[in-house]
Amino acid sequence: MNTQTIFDLHSHSLYSDGTLTPTELVTRAHEHGVNVLALTDHDETKGLAEAQSAANNVGLKLINGVEISASWDRNQTVHIVGLNIDPANDVLRAGLALIRQERIRRAKKIADKLEKTGIENVWKTITEKYGFEAVTRTHFARFLLENGHAKDMQHCFKKYLGRKGRAYVNGIWLPLEDAIGWIIAAGGQAVIAHPTRYRFTKSKLERLVIDFKSYGGVGIEVVSQRFTDKEKAEMASLARRHDLLASVGSDFHNPGSPYVELGRGLELPMDCKPIWNGWALL
Ligand code: AMP
Ligand code: MN
Ligand code: MN
Ligand code: MN
């Protein structure tokens, strides 16, 4: 791999809340010049086998990944990407199965709340039409959009699904320490996903990083979807100060999103240690 290699280490398929099959995702990544792609579905690894065979067909390097929902500091959600995991590992599989159960518990509550606002057949439609195991708020957002209850995705989260929305239900995930432990058990590297998205203060983000490292986490996304140059510089500095490896990922979910594309704008700032430096890529 030369210096022109394009890495995209965070993406979703329809095994969580993306819209593309793993084959479509890999094909699209290849068309957009990605050389090394990680499929990182929320709490689910079912898409990896198909992604691997598609990657073999187009000559792209696939990294086995996952994005785990975890609870930190009194049930606040953080997302931890696991890279180079063994999806067959029993510890990881058992952990992810627990999270998917919690997703179903939460989804039923979200459906109840939506139905109380007068919207009909929510649970029935979600289970019939969007019936994957890793059910997410994105699935509810698509349901709301398709049935004319909101004008766009942002509106769905603002009015219904986001923290101040009418149908908000907090997920009670497993502790951060557990999620990192499963990734390590499966031979992978744990990475803090989209660190600016949590809207934590600087000192709180430092506290997350310190806890994360103490549990064995090694990396942080320095470049993610819609990060500004300032945010990238701040995350690069955070990574340097705490000796974390730097990762990059589009967090791609679906085509047609004006600001997000596979492999686009993912150059690492200078002075970062890329997480892939120790990987065998050939
Ligand atoms: P969940 O893990 O079920 O809480 O769902 C979280 C997912 O919802 C994220 O991974 C995003 O894909 C999506 N999401 C969260 N907030 C927004 C937003 N404001 N606009 C669009 N998608 C969002
Ligand atoms: Mn998502
Ligand atoms: Mn995420
Ligand atoms: Mn993601």
Worksheet entry | Residue pairs meeting the criteria (Cβ under 7 Å; at least 6 apart or on separate chains; first modelled with pLDDT under 95, in the stretch 245-265; second surrounded by fewer than 22 Cβ atoms within 10 Å (Cβ to Cβ) and not β-branched (Val, Ile, Thr)) | Tyr259/Arg226
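Please return the ranges of strands (runs of 3 or more DSSP E) entirely within the stretch 1-88 where 3 or more residues are away from ligand 2 (no atom under 16 Å from the Cβ) and either touching a Ser or Thr at 6+ places or on another chain (Cβ under 9 Å) or modelled with pLDDT of 95 or more (or both). Spell out how you get there, then give the answer.
Values: elements: 36-39, 61-72, 76-83.
Filter on the stretch 1-88 gives 61-72.
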Discussion item. Six or more apart or on different chains, Cβ atoms under 9 Å: show the pairs whose first residue is in the stretch 102-129 and without any contact (Cβ under 8 Å) to a residue 12 or more places away in the chain and whose second is assigned to a helix (DSSP H, G or I) and of a type outside the set (A, V, I, L, M, F, W, C).
Written reply: Asn121/Glu115
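Given the condition of a type outside the set (S, T, N, Q) and either within 30 Å of Lys109 (Cα to Cα) or within 16 Å of ligand 1 (Cβ to nearest atom) (or both), answer yes or no: does some residue in the stretch 263-278 qualify?
Initial filter on the stretch 263-278 (of a type outside the set (S, T, N, Q)): 263-276, 278.
Of the ones still in play, those that are also either within 30 Å of Lys109 (Cα to Cα) or within 16 Å of ligand 1 (Cβ to nearest atom) (or both) are none.
Checked the stretch 263-278: no residue is of a type outside the set (S, T, N, Q) and either within 30 Å of Lys109 (Cα to Cα) or within 16 Å of ligand 1 (Cβ to nearest atom) (or both).
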Discussion item. I'd like the residue in the stretch 167-218 that is closer than 22 Å to Ala38 by Cα, part of a helix (DSSP H, G or I) and among the hydrophobic types (A, V, I, L, M, F, W, C) and, out of all such residues, is farthest from the chain's Cα centre (by Cα).
Written reply: Ala185
Discussion item. Anything in the stretch 225-256 that is out of contact with any strand residue (DSSP E or B) (no Cβ under 7 Å at 6 or more places or on another chain), among the hydroxyl-bearing types (Ser, Thr, Tyr) and either surrounded by 14 or more Cβ atoms within 10 Å (Cβ to Cβ) or within 18 Å of Asn64 (Cα to Cα) (or both)? List them, or say none.
Written reply: Ser237
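Let me confirm something: among Leu60, Leu39, Leu14, Leu9, which residue is within 16 Å of ligand 1 (Cβ to nearest atom) and farther than 21 Å from Ala186 by Cβ?
On the way: Leu60 fails: within 16 Å of ligand 1 (Cβ to nearest atom); Leu39 fails: farther than 21 Å from Ala186 by Cβ; Leu9 fails: farther than 21 Å from Ala186 by Cβ.
Residue meeting the stated conditions: Leu14.
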Practice prompt. Quick one: count up the residues across the stretch 197-207 that are in contact with a Leu (Cβ under 8 Å, 6 or more places away or on another chain) and within 16 Å of Ser69 (Cα to Cα).
Written response: 1
Fill in: Any hit, the stretch 211-222, residues being buried (at least 21 other Cβ atoms within 10 Å of the Cβ), in contact with a Cys (Cβ under 9 Å, 6 or more places away or on another chain) and at pLDDT 95 or above
yes
Worksheet item: Filtering the stretch 14-50 down to residues that are among the hydrophobic types (A, V, I, L, M, F, W, C), more than 16 Å from ligand 4 (Cβ to nearest atom) and more than 16 Å from Pro255 (Cβ to Cβ), which residue is surrounded by the fewest Cβ atoms within 10 Å (Cβ to Cβ)?
Response: Ala49
Worksheet item: Which residue, of Gly171, Gly162, Gly148, is surrounded by fewer than 17 Cβ atoms within 10 Å (Cβ to Cβ) and near ligand 1 (Cβ under 9 Å from one of its atoms)?
Response: Gly162
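The values are calculated or read from the model by the stated rules, or taken from the named source; none is laboratory data. No experiment lies behind these values; they were computed from the predicted model shown. Don't worry about glycine lacking a Cβ; one is built from the backbone with ideal geometry, like all the others, and counts go over all protein chains shown.
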